[in-house]
1. Pick out the one residue from B:F271, B:F307, B:F303 that is within 30 Å of A:T215 (Cα to Cα) and not charged (D, E, K, R).
2. Among the residues of the range B:183-192, is any more than 14 Å from chain A (Cβ to nearest Cβ), in contact with a Gly (Cβ under 6 Å, 6 or more places away or on another chain), surrounded by fewer than 18 Cβ atoms within 10 Å (Cβ to Cβ) and over 20 Å from A:L156 (Cα atoms)?
3. Consider B:T275 carefully, then state whether it is in a helix (DSSP H, G or I), within 14 Å of chain A (Cβ to nearest Cβ) and within 25 Å of A:G134 (Cα to Cα).
4. Criterion first (within 14 Å of chain A (Cβ to nearest Cβ), out of contact with any Gly (no Cβ under 7 Å at 6 or more places or on another chain) and among the acidic types (D, E)) does B:E59 satisfy it?
5. Quick one: in the range A:62-86, which of the residues that are in a strand (DSSP E or B) and under 17 Å from A:F100 (Cα atoms) is farthest from the chain's Cα centre (by Cα)?
6. Any idea which of (1) surrounded by 17 or more Cβ atoms within 10 Å (Cβ to Cβ); (2) over 21 Å from B:S78 (Cβ atoms) is the one B:F307 doesn't satisfy?
7. Considering every residue within the range B:210-226, establish whether at least one is under 30 Å from B:V73 (Cβ atoms) and touching a residue at least 24 places away in the same chain (Cβ under 8 Å).
8. If we scan the range B:162-175, do we find a residue that is modelled with pLDDT of 90 or more and either assigned to a helix (DSSP H, G or I) or surrounded by fewer than 18 Cβ atoms within 10 Å (Cβ to Cβ) (or both)?
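The values are calculated or read from the model by the stated rules, or taken from the named source; none is laboratory data. Just so you know, these numbers come straight off a predicted model, no measurement behind them. Positions of Cβ are generated from backbone atoms using ideal geometry, with glycine treated the same way; all protein chains shown enter the neighbour counts.
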Amino acid sequence: MQNGFNRRSLMLGAAALPMAAAAPAFAQQATITGAGASFPRPVYERWGQAAREALNITLNYQSIGSGGGINQITNRTVDFGATDAPLPAAQLAERNLVQFPTVMGSVVLIVNLPGVADNALKLTSEILVDLFAGRITRWNDPRIVEANREIRIPNLPVSPVYRADASGTTFVFTTYLSRISEAWRTGPGAATSVQWPVGNGARGNEGVANAVRNTPGAIGYTENAYATVNRLVTTQLRNKSGRFVQPTLATFQAAASLADWNKPGLAADLVDLSGDDVWPIVSPTFILLPTNPVADRVEGSRNTMRFFDWTMRTGGDAARRLEYIPLPEAVQGLVRASWSAVRDPSGRPITFA
Amino acid sequence: MSDTSLPQASAPPATRRTIGSAGDTLFEWLCRGAGLFVLLLLGAIILTLFIGGLPAFREFGLQFLWSSDWNPVEGRESYGALVPMLGTIVTSILAIMLGVPVAFGIAFFLTELAPQWVRRPVGTAIELLAAVPSIIFGMWGLFVLVPFVQNYIQLPFGETLGALPIVGVIFDSNNFAGTSIFAAAMVLAIMILPFIAATMRDVFNQVPPVYKESAYGLGATRWEVMKGVVLPYTRISVVGGIMLGLGRALGETMAVTFVIGNANRMASSIFDPSTTIASVVAMEFPESLMGSLKQSSLLALGFLLFFISFVVLAVSRWLLRSRLK
């Protein structure tokens, strides 16, 4: 019985196969390959799944890190590279690349303090820097108590947790620390990995989330989506205007709306902006596209532009569900305009519409 | 078969012999080629690492070996191998100190004490431990061993021993995350245990029974036989086995990365976080730009690790040479 059933379903499958192959939808399926940043990986994957049906484009995205993405696109082994830290204009010109943003993401602080509720702890920029610089070593430090009169904070030693692997998240977070503290700027500085004065390193956003969950007294930073998914206890921060703000989509969007995009490579800087409801650690993430693709890669470049044109038009909700911030309408126009720099080997702009 | 042995059929065997010898020569050269290929590959890897690391060696000179700096921030890049090198060597030696006594106990038990029917299953279980993938040890280490080390070893022992004069600083730490050099050493000890135990058991079994029986005949106890007959007879092979374990501990990456805390700064206590060469390379390599000083420094670190492991394995081979026929 079992055997006969299997054989019949197999025959049915075999009969269906030529029909499927003949259907135009399958014949035109194009593949684009990209590599780079892990910060936007969740949203790129979501978009990639949707584009398979809607655009007949299969996205093959490998989150090997921004540095790897830059290496791969410079060698032209992929259709596009992805990076969190924008490349300076000189480097873009040298590598014949055009750079544009796709979404904005935010970095949040997570803590493990038994009895302290989500978004209850208030941190000023001075306290935050001193926690990660090792100048505050216990949670009952008078300055923390002073800023948090209404909650009880357990008297635990402070265990800072940072990303052990070099990452765009670290770049954004240390850029913020360098903005708010001169001592941090001249000390550890801002980069994808820095010399942390104290604390333990964990691998990836997931690793930081786990380390914080397992260690009472720990404080770490992570991409917002990971904190949301793992239901971690986040904190408030005091922004440049002196207001304590909670990490919510509203405060992220407040930061996004103040960004100045008229920069080379559309490298808007959203870290530590002034504004009442602005979350201070927000950053765009970028795509790198060759301006001079070889003949074989022209279709890949065209499909990459089609893909990101489509995500700008229809991918906003998917991004918001993952708590990323889509690009404002005006910026989308700037992105499309920047694509005119992409030329095929005969020098004509590659059309994507 | 029978006609080749006939002396009068000289012509056909002669041609057959030439065909045969051609095949022999071909086979010989294929095998020689395979052997040489491995050597060439090894040389090529060392050369690649060295050439890749050359810019770093040139930039920092010998300072690369002694500097504890690891600063990838643009504009003030400075790299030194001291912290990861020390981390690698200290965790490996601590792992040997923790693992060897237990491995010796296992080997002693399996060769001298255990009844025959126990020897095989326990021996097999030890060998199976060697087949557990290192990532499993890493996860187990992070979720089980790290909290254990923190709550039951660092807090009670660290506080007490930390009060001792001079040596106290080795145990006194204000790292409360649990991920530390000591946790990494414990994970490594468990990982290298099967290698050392299996080698020890095999060499203990090679001691000619007549020596042991003579000692027993003179009224020696089991421990006296072990101390006076078995260990002196196998001393060099035992050391060779330990070196083999050390070789594995030096290069272990994932399990160590999970539990060591990945802090590229000088640790004063065994309960402080640190890092190893293998984990620095694994963590930082994907984000390093091609041709950058950082990538070159990482390749230089790889070269140093290769060199250290090579020396350790060469020494172990040399010590084991009498037992490896």
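1. Values: B:F307 fails: within 30 Å of A:T215 (Cα to Cα); B:F303 fails: within 30 Å of A:T215 (Cα to Cα).
Just one listed residue meets the conditions, B:F271.
2. no
3. On the way: in a helix (DSSP H, G or I): no; within 14 Å of chain A (Cβ to nearest Cβ): yes; within 25 Å of A:G134 (Cα to Cα): yes.
In short, no.
4. Values: within 14 Å of chain A (Cβ to nearest Cβ): no; out of contact with any Gly (no Cβ under 7 Å at 6 or more places or on another chain): yes; among the acidic types (D, E): yes.
When the stated conditions are applied, B:E59 does not pass them.
5. So the first thing to find is which residues in the range A:62-86 are in a strand (DSSP E or B), and the list is A:62, A:80-83.
Checking the rest, the ones that are also under 17 Å from A:F100 (Cα atoms) come to A:80-83.
On the way: A:F80: 16, A:G81: 14, A:A82: 10, A:T83: 9 Å.
Top of the filtered list is A:F80.
6. With (1) surrounded by 17 or more Cβ atoms within 10 Å (Cβ to Cβ); (2) over 21 Å from B:S78 (Cβ atoms) applied to B:F307, the lone miss is (1).
7. Step one: filter the range B:210-226 for residues under 30 Å from B:V73 (Cβ atoms), giving none.
No - not one qualifying residue is present in the range B:210-226.
8. Taking the range B:162-175 as the starting set, the residues that turn out to be modelled with pLDDT of 90 or more are none.
No, because not a single residue in the range B:162-175 is modelled with pLDDT of 90 or more and either assigned to a helix (DSSP H, G or I) or surrounded by fewer than 18 Cβ atoms within 10 Å (Cβ to Cβ) (or both).
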